[in-house]
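Enquirer: Got a structure here, written out as structure tokens. Questions coming.
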Amino acid sequence: MKEISKHYNPSEVEPKWREFWEKNNIYKFDPKAKGGIFSVDTPPPTVSGKMHIGHAYSYTHEDFIARYRRMRGENVFFPFGTDNNGLATERLIEKTKNVRASKMDRNDFIKLCNQTIKEITPDFISDWQKAGMSCDFSKIYSTIDDNSRRISQKNFIDLYKKKYTYRQEAPVIWCSHCQTAIAQAELEDKEIETLFNDIVFKLKDKKDLIIATTRPELLSSCVAVFVHPDDKRYKKLVGQKAQVPIFGNKVEILADKKVDLEKGSGAVMCCTFGDKTDVEWFKEYKLPLVMSLDKSGRMMEKAKKYAGLSAKVARQNIIEDLQKKKLLVGQKKITHSVNIHERCKNEVEIMNSLQWYIRILDEKKEFIDLGKKIKWHPPFMRARYENWINNLGWDWAISRQRFFGIPFPVWYCGKCGEIKIADIEDLPIDPLSDKPKGKCEKCGNSKFIPEKDVMDTWATSSISPQLALQLFFDEKTAQKMIPMNLRPQAHDIISTWLFYTVVRSHYHFDKIPWKEVMISGHVLDSQGKKMSKSLGNVVAPQEILEKYGSDALRYWSAGSSLGQDINYSEDEIKIGKKTTTKLWNVARFMAMNVKKAELLKDSEMVEPADAWIIDELNKTIAKTTKAFENYAYAKAKEEIDGFFWSKFADYYVEFVKYRFFGDDEKSKKIGEKTIATVFFNIVKLYAPIMPFVTEEIFQTWFKHLEKTKSVHISKWPEEIKLKKMPDISDFASAIKAVDEIRKHKTKQNISLGAEIDSIKLKTKTNLKKYGEFLKKVGRVKKIS
């Protein structure tokens, strides 16, 4: 065999094979290739400058499956895209270019965004390539490129024509910091400390009605007081009026079962808008709209002398004024949950605003039923999906008051306000610079006002199956390929990317988007805490790749089951590094002792040790295959590791050594073929998890055994069947005897390689059958 270097160096090997894979189109998708298509709806990562450890963890999971499927002979469609429109990209550009979008001309800012994305995307994508992702990088989609804009706008028009989307002025979740409407799925909960204030509202008989609230700054927006209909304390007050302190207006006292009898005083004020319940009451009881906060989070004219103040400052000033007027009769420190925007982590408000929506509340049952048609890995993740749908309280707001995003293909008649939709053949368009065709169909006017808002980034990401498939197929063919085979993703975006894609696929095609989903967990630090820059516990995958290599990182990534969060462990990465070294050392051992790798023929007669290792290999192939079929890559790794380390390296390599140096040429040849056959299959089994070291070994020693350019498009291992197999039903006793010899030598401080005169075994074994084998393996002259 070839001479090889003593040490395996990933920093030299990995770039070589990345270049080889790209040059030889190993992972390039060919729509006309043989084999059924296995399609993956790859998550398009948000362009944020660098891949983070969570990316490295979850993306390798889907790569394990894609590589396995490819070796099973399937035509794997594994595309790559980047999500680079919307608020996250705006923030990145503002930070890296030291600009503010709100201070720039919109077109200039969009040009800067496009230019910056073009600059940073190659380096960004290279991180995924370095991690060994086997995507087809020859065609990459971007959620802001012309093709994505065209598809996204066309899909919006489809929704509009089917009446699944509508524009309405209504209460919407609003981020004052980001200055845009957001969807319910973009909220996070945060526990904060605040004060529960007991405030006096005066009744007509001058008696006090105590209202408990955490938001006294909204007193000027109070439009009603609510009590529970079963609350005996307030039954007689229902229908009466109460005077709002400081502001003096009178509001009606109403009864509703949504009031919590046990919370505060049992009487609550309804403001427009403090929370979702306020919105529900506003709609149900047709209450007046009185807005005190503007879209920047400052008090408006309705707040009178507090106008212009931030909500936080106004709250403090109002509390002080209530105290002076003796209208604040109690305060209590509490900890409660508030909604914050996931992007900026600031508290959100509810504003009345004109927005575009996609209907989802009317179809909640249908979406739950669709989820049941998808196979979930792990199955318990479907409960998260269903819980999210059951708790939905808003239709999906898809318009954003931002700059860098996909424009709505919409204008409004300057005279009557009628909506004018772009023609399909003109897409993509920007209504700010493009003019609509024809006149207003309602009034005949020819002057139009362009829509300035852009679409929510999820409105485009949610059609990722179409964005990916239309890289290679025409629109009709792409639609026929839905449902795709697999959607891989992390659990934190079940409520956004996964749910929204189900919505869009249902509305556009009346289909589920994929047959199966696999859900990964998150990476925590070594103590089980969430990683964050503020805590200083962030681990950069680039540093791991440089220090240990991609295979070691991927080995660690395969250590936790789907859906489970994993603690970062450098020790586990070191084990991955140790495994690559062990594979390399076995390969070197073969290089020194086997002239040319040959596989066993089914007609050849093997020795008991050979039959035992082949039997163990067959069991491992069956278990590993089953695990990969069920997306249980962690179980697959466990099976391969157990066989490679505990059966092959610890035992069989030692069992076969003496035959390489003995005089029995027939035994030596069978030993050479057996170790080559078994190790060849081990390399293949490890290939989906550790692609670089396995490629290096395959190309160096095994390439001649299969007419294929790469181990990653070679045939997945199958059961090895030999026509003649010795009886090994009692071989386990021989292994126990070997263990006993080893323990004896260790106890006597004798090297395992040193020969001893004799040993009396306690283990019951057939010495007539295995005596000579035990003498040579154990280096013992006499065994009794």
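The values are calculated or read from the model by the stated rules, or taken from the named source; none is laboratory data. Keep in mind the model is a prediction, meaning the values are calculated, not measured. Every residue, glycine among them, receives a Cβ derived from its backbone with ideal geometry; neighbour counts consider all protein chains shown. The area values use the complete protein model at the heavy-atom level, side chains included, leaving out ligands, DNA and RNA. Shrake-Rupley method; radii C 1.70, N 1.55, O 1.52, S 1.80 Å.
Enquirer: Are any residues in segment 573-603 surrounded by fewer than 19 Cβ atoms within 10 Å (Cβ to Cβ) and of a type in the set (S, T, Y), and if so, which ones?
Expert: Passing the criteria: T581, S603.
Enquirer: What's the number of the condition K373 fails, among (1) modelled with pLDDT of 95 or more; (2) surrounded by 18 or more Cβ atoms within 10 Å (Cβ to Cβ); (3) among the basic types (K, R)?
Expert: Single failed check for K373: (2).
Enquirer: Filter segment 263-296 down to the residues that are part of a helix (DSSP H, G or I) and either more than 38 Å from the chain's Cα centre (by Cα) or of a type in the set (D, E) (or both), then identify the one that is nearest to A212 (Cα to Cα).
Expert: Here the residue is D278.
Enquirer: Further, regarding this structure: Could you give every pair whose Cβ atoms fall below 8 Å, whose first residue belongs to segment 307-324 and is farther than 12 Å from L218 by Cα, and whose second residue is aliphatic (A, V, I, L, M) and part of a helix (DSSP H, G or I), counting only separations of at least 6 or pairs across chains?
Expert: L309/A303
Enquirer: Quick one: K668 ticks every box in (1) in contact (Cβ under 8 Å) with a residue 12 or more places away in the chain; (2) of a type outside the set (F, W, Y); (3) closer than 24 Å to M725 by Cα; (4) buried (at least 17 other Cβ atoms within 10 Å of the Cβ) except a single one, so which number is it?
Expert: Answer for K668: the failing condition is (1).
Enquirer: Still on this structure, I have one more. So in segment 24-56, with the set limited to residues that are crowded, with 18+ Cβ neighbours inside 10 Å and either over 24 Å from P513 (Cβ atoms) or without any contact (Cβ under 8 Å) to a residue 12 or more places away in the chain (or both), which one is farthest from the chain's Cα centre (by Cα)?
Expert: I26
Enquirer: Answer yes or no: is there a residue in segment 753-768 that is of a type outside the set (S, T, Y) and in contact with a Phe, Trp or Tyr (Cβ under 6 Å, 6 or more places away or on another chain).
Expert: no
Enquirer: Condition first: buried (at least 22 other Cβ atoms within 10 Å of the Cβ) and farther than 16 Å from R149 by Cα. Now tell me which residues in segment 441-486 satisfy that.
Expert: Result: M484, L486.
Enquirer: Run down T708, T746 and say which single residue is in a loop (DSSP other than H, G, I, E, B) and polar (S, T, N, Q).
Expert: Going through T708, T746 in turn, just one is in a loop (DSSP other than H, G, I, E, B) and polar (S, T, N, Q): T708.
Enquirer: Within segment 552-564, is even one residue at pLDDT 95 or above, surrounded by 15 or more Cβ atoms within 10 Å (Cβ to Cβ) and of a type in the set (S, T, Y)?
Expert: Yes.
Enquirer: Could you please let me know if D294 is without any contact (Cβ under 8 Å) to a residue 24 or more places away in the chain and open to solvent by less than 50 Å² (accessible area, probe 1.4 Å)?
Expert: Criteria met by D294.
Enquirer: Could you say which residue among E638, E607 is open to solvent by 30 Å² or more (accessible area, probe 1.4 Å) and either over 19 Å from P726 (Cα atoms) or among the β-branched types (V, I, T) (or both)?
Expert: Sole residue among the options that is open to solvent by 30 Å² or more (accessible area, probe 1.4 Å) and either over 19 Å from P726 (Cα atoms) or among the β-branched types (V, I, T) (or both): E638.
Enquirer: State yes or no: is V523 at pLDDT 95 or above and either of a type outside the set (S, T, Y) or open to solvent by less than 40 Å² (accessible area, probe 1.4 Å) (or both)?
Expert: The answer is no for V523.
Enquirer: Continuing with the same structure: For segment 13-66, how many residues meet the condition of being hydroxyl-bearing (S, T, Y) and in a loop (DSSP other than H, G, I, E, B)?
Expert: Residues meeting the conditions: 3.
Enquirer: Since A540 meets every condition but one in (1) in contact with a helix residue (DSSP H, G or I) (Cβ under 9 Å, 6 or more places away or on another chain); (2) of a type outside the set (D, E); (3) open to solvent by 20 Å² or more (accessible area, probe 1.4 Å); (4) under 30 Å from I389 (Cβ atoms), which condition does it not meet?
Expert: The one condition A540 does not meet is (4).
Enquirer: Now a separate question. Go through segment 142-182 residue by residue and tally those that are under 20 Å from the mean Cα position of the chain (by Cα) and open to solvent by 10 Å² or more (accessible area, probe 1.4 Å).
Expert: 1
Enquirer: Let me ask you something else. Could you list, in sequence order, the residues of segment 353-367 that are open to solvent by 30 Å² or more (accessible area, probe 1.4 Å), out of contact with any helix residue (DSSP H, G or I) (no Cβ under 8 Å at 6 or more places or on another chain) and either among the polar types (S, T, N, Q) or touching a residue at least 24 places away in the same chain (Cβ under 8 Å) (or both)?
Expert: L354, R359, L361
Enquirer: Residues that are touching a Phe, Trp or Tyr at 6+ places or on another chain (Cβ under 8 Å): list the strands (runs of 3 or more DSSP E) wholly contained in segment 170-247 that include at least 1 such residues.
Expert: 208-213, 222-227, 241-243
Enquirer: Quick one: in segment 297-346, of everything that is in a helix (DSSP H, G or I) and more than 17 Å from V244 (Cα to Cα), which residue is most open to solvent (accessible area, probe 1.4 Å)?
Expert: Residue satisfying both the conditions and the ranking: K312.
Enquirer: Being open to solvent by 30 Å² or more (accessible area, probe 1.4 Å), without any contact (Cβ under 8 Å) to a residue 60 or more places away in the chain and among the basic types (K, R): is that true of K515 here?
Expert: no
Table: residues versus (1) modelled with pLDDT under 95; (2) open to solvent by 30 Å² or more (accessible area, probe 1.4 Å).
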position	(1), (2)
Y658	yes, yes
F661	yes, yes
M690	no, no
W701	yes, no
K707	yes, yes
D757	yes, yes
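Enquirer: May I pose another question? Filter segment 721-759 for residues that are within 46 Å of the chain's Cα centre (by Cα), in contact (Cβ under 8 Å) with a residue 40 or more places away in the chain and within 15 Å of A609 (Cα to Cα) and give the result.
Expert: Scanning segment 721-759 gives L722, I735.
Residue-wise test of (1) among the small types (G, A, S); (2) farther than 27 Å from M484 by Cα; (3) out of contact with any His (no Cβ under 7 Å at 6 or more places or on another chain).
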| position | (1), (2), (3) |
| --- | --- |
| I358 | no, no, yes |
| G393 | yes, yes, yes |
| I398 | no, no, yes |
| P409 | no, yes, yes |
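Enquirer: Now, a different point. Go through segment 275-291 and give me each residue that's in contact (Cβ under 8 Å) with a residue 60 or more places away in the chain and either of a type in the set (G, A, S) or open to solvent by less than 40 Å² (accessible area, probe 1.4 Å) (or both).
Expert: D278, V279, F282, L287, V290, M291
Enquirer: So which residues in segment 127-169 are polar (S, T, N, Q), farther than 30 Å from I360 by Cα and at pLDDT below 95, if there are any at all?
Expert: S138
Enquirer: Report whether or not R504 is in contact with a Gly (Cβ under 8 Å, 6 or more places away or on another chain), open to solvent by less than 20 Å² (accessible area, probe 1.4 Å) and modelled with pLDDT of 95 or more.
Expert: no
Enquirer: Taking K420 as the residue in question, decide whether it is within 21 Å of Y166 (Cβ to Cβ), touching a strand residue (DSSP E or B) at 6+ places or on another chain (Cβ under 7 Å) and surrounded by 21 or more Cβ atoms within 10 Å (Cβ to Cβ).
Expert: Yes: the conditions hold for K420.
Enquirer: Something else about it: Q115 fails exactly one of the following numbered conditions: (1) in contact with a strand residue (DSSP E or B) (Cβ under 9 Å, 6 or more places away or on another chain); (2) free of Cβ contacts under 8 Å to residues at least 40 places away in the same chain. What is the number of that condition?
Expert: Q115 satisfies all of (1) in contact with a strand residue (DSSP E or B) (Cβ under 9 Å, 6 or more places away or on another chain); (2) free of Cβ contacts under 8 Å to residues at least 40 places away in the same chain except (1).
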